[in-house]
Amino acid sequence: MPILDRRTNQFIEDKDTRVSVGIDFPFGRAPNSGDGYFQTSKTTVESIKNNIKLLLQTERGDRVFQPLLGMNLRSFLFEQITEDTRVQIENNIVDVFETWLPFVELKDIQISSDSVTEDSNKININIVFSIKRASNSTESVGVVLE
């Protein structure tokens, strides 16, 4: 019979540094570590930040056998970032997060572009979020799409 974990903030309390939660990105070999071959993230928040970055950078159809995973943000790179495109990007992010990261509560989505020169086509996305079971703490993660 399994033992149920009834702590209210079970996803935040990562006090045991011997336990790895996920693989750290970018991939890299863990030097002189007993954790395994790859570097690992030790907390749930680190792992969720990595998942958010990867989800934002994944295009739909890139993942084999998961054609709906990801979002088509690269299609906005060469568009002018107006209020309508910001709303489209935000709606896309909210829809994808509801499907693939339902345990993340989005607090704020900030979208800006670095279109100072004609050669720099970048979209900066900053997401402020919290974990639904521990909504007292907020975290943020930023992604630059080029």
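Quick notes
- Calculated from backbone phi, Karplus (6.51, -1.76, 1.60) coupling profile of segment 71-78 in Hz, x at Gly/Pro: 9, 9, 7, 5, 5, 8, 4, 9
- Accessible area of LYS107 (1.4 Å probe, protein heavy atoms only, ligands and nucleic acids ignored): about 100 Å².
- Angstrom value of the Kirkwood radius, inverse mean 1/r, which spans all Cα pairs in segment 50-146: 14.1 Å
The values are calculated or read from the model by the stated rules, or taken from the named source; none is laboratory data. Fair warning: this is a prediction, and the values are worked out from it, not measured in the lab. For the accessible areas, the whole protein counts, side chains as well, though only heavy atoms, and no ligand, DNA or RNA atoms are used. Shrake-Rupley method; radii C 1.70, N 1.55, O 1.52, S 1.80 Å.
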